[in-house]
Each structure stands twice: as C-alpha cells, then as structure tokens.
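The values are calculated or read from the model by the stated rules, or taken from the named source; none is laboratory data. Treat the numbers as computed from the prediction; the structure is a model and nothing was measured. Because the Cβ atoms are built from the backbone with ideal geometry, glycine has one as well, and the counts that use them run over all protein chains shown.
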Amino acid sequence: MTVLVAYPLSKSDQAFPARRYYVAYMLVVMLFNGGMMPSYFIVAKTGLIDRLSALLIPGAVPIFSCIVLMNFFRGIPVSLEEAALFDGASQPQILTRIYLPLSKPSLATVALFSLIGHWNAWLDGLIYSNHTQNYPLQSYLQTLVASNTQAMLTGDLKSFMEMMDVNDTNMKAAQIFISIIPLMAVYPFLQKYFTAGLTLDSVKE
C-alpha cells in the first residue's frame, strides 16, 4: 500500500498535476493528527475492535515511509521509464519490473521501520482489544509488568513475597529480551539491502 501511494507521487508535475497538493496534504497529516480518541472512534465504528485488522489497518500507510519511497523513486533515472514506455510497457509493468527491483534498499528500510513500529506498539493492543487473549505479545508483556508493579504498591504481603523472586527489573529485562528476538532474526536478511548506488548500475550507456 505504501508503494502504491509513493509511485504516482514520484512522477513529475507535468505527468501528475495534482501531485503537489497530495504531497502538501501528506506533510500536514504527518505533523498533525486527530489524536487517540478520534482514532479509537473510527476503529470502533468500523467494527474492528478485538480484531487483528485493528492493529494493522490504522497504520497501514505510514506517511514517513511514503516520503522515503517517493524520494527514492524520484532518484531512479527517467530514461529507464521512457525506454520501457517506448517498448510498450504499462505503468504496472514499469512499477513491478523496474522500480521495485531497483528499490530493494528502500523497501528493506521501510519494511524494517514498519516491523519495528508494529512490534513495539503495545498501546494499540490495550486500546483496540477488550480481551487479554487478543493482546499482541508487547501488550501482554506490558500487562505483566504493570501487574507486578501494582502488586508491590497494594501492599499485599503474599503477592509481595512472590514478586521478590521476580522483581520489576527482571521483568523488564525479560520483556526487552523476548521482544527483540524476532527483530534479531529478521534484521540479518534485510541488512544486505542497506546499500546505496544500485540505480547507477542499472543505467546502460
């Protein structure tokens, strides 16, 4: 979805006259948003509460990622698209056969940003899920830490003695360790694409 937004916005003003208005709107939306309550009402009115889609759809098109991809697409030589159009290629073919293969570094960066953003979004699970069985891992770990702190503050002697073996610091350390395991597993596969200058090799003299 981010690619489908960034690709047309990467065109020139002559090819897409309304481009500047969409870019200005995206910049305003990136800097200012309605807040938590309007977002919750929209998710609730669309019937996404307690569903996995409530954690994915609201942030499916990050504006920052769109701007990153848009600027990367604009750096690809126009001669490649002109040659493809001369050979009879359509815009979907140009996107899938030219732009996307050349944009692996940018796509890997955006994918990593999205992965980290969704993985660390523990608050979304607490807001959009009414039952603990629907919590994502980060939200569940946050509830464990919060319950540990609450038990220590209430002064319940039995709970306090049980929490002495697993204190708040150990709980937070375990939460951090568990939460970074998937990122550590994915990052090595994306690291090789964090290079620059791939578009220069694609231009034939």
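Going by the structure shown, is Y21 under 21 Å from the mean Cα position of the chain (by Cα) and either exposed (fewer than 11 other Cβ atoms within 10 Å of the Cβ) or assigned to a helix (DSSP H, G or I) (or both)?
Details: under 21 Å from the mean Cα position of the chain (by Cα): no; either exposed (fewer than 11 other Cβ atoms within 10 Å of the Cβ) or assigned to a helix (DSSP H, G or I) (or both): yes.
Answer is no for this residue.
Of the residues L48, L69, L55, which single one is in a loop (DSSP other than H, G, I, E, B), touching a residue at least 24 places away in the same chain (Cβ under 8 Å) and either touching a helix residue (DSSP H, G or I) at 6+ places or on another chain (Cβ under 9 Å) or hydroxyl-bearing (S, T, Y) (or both)? Please lay out each step first, then the result.
Values: L69 fails: in a loop (DSSP other than H, G, I, E, B); L55 fails: in a loop (DSSP other than H, G, I, E, B).
Going through L48, L69, L55 in turn, the sole match is L48.
From the list F16, F64, which one is free of Cβ contacts under 8 Å to residues at least 60 places away in the same chain and either part of a helix (DSSP H, G or I) or in contact with a His (Cβ under 7 Å, 6 or more places away or on another chain) (or both)? First the steps, then the outcome.
Details: F16 fails: either part of a helix (DSSP H, G or I) or in contact with a His (Cβ under 7 Å, 6 or more places away or on another chain) (or both).
After ruling out the rest, the residue left standing is F64.
Residues are listed down the side, and each one gets a yes or a no for (1) hydroxyl-bearing (S, T, Y); (2) in a helix (DSSP H, G or I); (3) at pLDDT 80 or above:
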| site | (1), (2), (3) |
| --- | --- |
| Q93 | no, yes, yes |
| T96 | yes, yes, yes |
| A108 | no, yes, yes |
| S114 | yes, yes, yes |
| L123 | no, yes, yes |
| N130 | no, no, yes |
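Close contacts from segment 109-129, counting a first residue that is over 21 Å from N71 (Cβ atoms) and a second that is in a helix (DSSP H, G or I) and among the acidic types (D, E), with Cβ to Cβ under 6 Å and a gap of 6+ residues or different chains, come to none at all.
Quick grid of which residues meet (1) buried (at least 17 other Cβ atoms within 10 Å of the Cβ); (2) within 24 Å of V186 (Cα to Cα):
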| position | (1), (2) |
| --- | --- |
| L85 | no, no |
| S90 | no, no |
| L102 | yes, yes |
| S106 | yes, yes |
| L112 | yes, yes |
| I116 | no, yes |
| W122 | yes, yes |
| Y128 | yes, no |
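Kindly indicate whether any position in segment 1-11 is crowded, with 16+ Cβ neighbours inside 10 Å and closer than 30 Å to N130 by Cα. Within segment 1-11, one or more residues are crowded, with 16+ Cβ neighbours inside 10 Å and closer than 30 Å to N130 by Cα.
Residue pairs whose Cβ atoms lie under 7 Å apart, separated by 6 or more positions or on different chains, with the first residue in segment 19-37 and more than 14 Å from I63 (Cα to Cα) and the second surrounded by 10 or more Cβ atoms within 10 Å (Cβ to Cβ) and modelled with pLDDT of 85 or more, are R19/L9; R19/K11.
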